[in-house]
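No value in this document is a laboratory result; all are computed from the given coordinates. What you see is a predicted model; the values in this text were computed from it and never measured. All Cβ positions, glycine included, derive from the backbone under ideal geometry; neighbour counts span all protein chains shown.
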Amino acid sequence: MRRSTDRRASTPDRYREFAESEARGLSACYEEWASGIAHDPAMVALIDRLPAVKRQPNLVFSAARFCGATAGPYVDFARWLPAHWPEVEAVCRTHSTQTNEAGRCATLLPALASLRGPLALIEVGASAGLCLHPDRYSYRYVTDDGHERILHPATGPSPVLLDCAVSGPAPIPEQMPEVVWRAGIDLNPLDVNSASDMNWLEALIWPEHDDRRARLRAAIAVARQPAVEIVRGDLNEQLAALVARAPEGATIVVFHTAVLLYLDGQARGRLKNQLATLPVRWLANEGRGVVPGVLERLSATPTASSDFVLALDGTPIAFTQPHGRSLHWLG
Ligand SMILES: C[S@@+](CC[C@H](N)C(=O)[O-])C[C@H]1O[C@@H](n2cnc3c(N)ncnc32)[C@H](O)[C@@H]1O
């Protein structure tokens, strides 16, 4: 577990760790805010009014920006936050980090296209379901020898173009997989037609990541036409019933990305055991060591320490950048 989300760690430790290990190199603003808070007892006292699980920097900063804080120097933020604390506290208590990154489809697509179609997709931990539309986005894969492969939906270029750098013998598809049915499960589904839900998704994107914000807006527009059903509930409780609703004759693919870190070991094991008994293929895109049995089967080392492991039916097949920017296929 990252120290910033470890509720047993002190607030200064959580913010210091977030500044140094998570924000550095990715968000100068969040690095400065988190480092400022780690050294500011008054701000720590404010944040400590929240339950420990809600004190994580990513949640507090997203809530602040959702309530109108602007990215800028820490001195301004340190004035702004106490003045707006009641609104920010309410958002922290009612919201959670549910970042939905359509870019992850770029790392899922080669695996999906390698399966016998047509496909019925079930995403567990779907958030707003933006990863349930891999066949409705355009892709630009660039291999490490500089070759570019562009792939569009069957209907033509999509307003969402996902860039992905590829290395290793990745089976970049020539054609989109055919998806005939799609549905999701989430503890708290976000509604692509709710302005408030979509503003929350936008607030979860770090200040400097303008490309991700633009992609989010475009992906929301795609996902609205038509909106896909996302069943509310726990993935282990809802999965079997949803699988039973998938159309006959389709290959049912249950997939998840950046979800299993929210589950304890018992729930992860339960999901794995359940998937083994259902008539489905299983595609997992998660941090190393998060999916039961995958780490033990890894014979290579991820290219970057933050890389996810993509595993098909429990077998690791690629390392992936967590937001889908790159894919390293294993031999
Ligand atoms: C970080 S988001 C990832 C969303 C999406 N998979 C993506 O990659 O963009 C994790 C999602 O998992 C959901 N989640 C966490 N635990 C869950 C559970 N036990 N059952 C269903 N959904 C869960 C959260 O509500 C959240 O929307």
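Things worth noting here:
- Where the alpha-carbon atoms of region 166-292 are placed on the principal axes, they occupy 42, 36, 32 Å, in descending order.
- For region 141-184, alpha-carbon Rg and Dmax in angstrom: 12.5, 37
- Distance in nm between pseudo-label sites at Thr315 and Asn188 (7 Å out along the Cβ direction from Cα): 3.9 nm
- Part-to-part distance (alpha-carbon centres) for region 314-331 and region 291-305, which is given in Å: 10 Å
- For region 1-71, the fraction of alpha-carbon pairs in successive 10 Å shells from zero, as %: 23, 60, 18
- One decimal place: the segment His209-Leu26 gains 65.0 nm when fully extended, by the rule 0.36 nm per residue minus the C-alpha distance.
- All Cα pairs of region 102-329, percent lying beyond 31 Å: 15 percent
- For the residues Phe319, Phe255, Phe18, a GNM of the chain with alpha-carbon springs under 10 Å puts the largest fluctuation on Phe18.
- Reciprocal mean inverse distance between Cα atoms of region 59-177 - Kirkwood radius, Å: 17.2 Å
- Contour minus Cα-Cα distance for Ala165 and Tyr262 (0.36 nm per residue): 32.1 nm
- Distance from the Cα centroid of region 43-118 to that of region 168-244 is 17 Å (rounded to whole angstrom).
- Choice from Met176, Met198, Met43 with maximal GNM fluctuation in the chain (Cα, 10 Å cutoff): Met43
- Max mean-square fluctuation residue, GNM over the chain, Cα-Cα springs under 10 Å, options Ser114, Ser158, Ser127: Ser114
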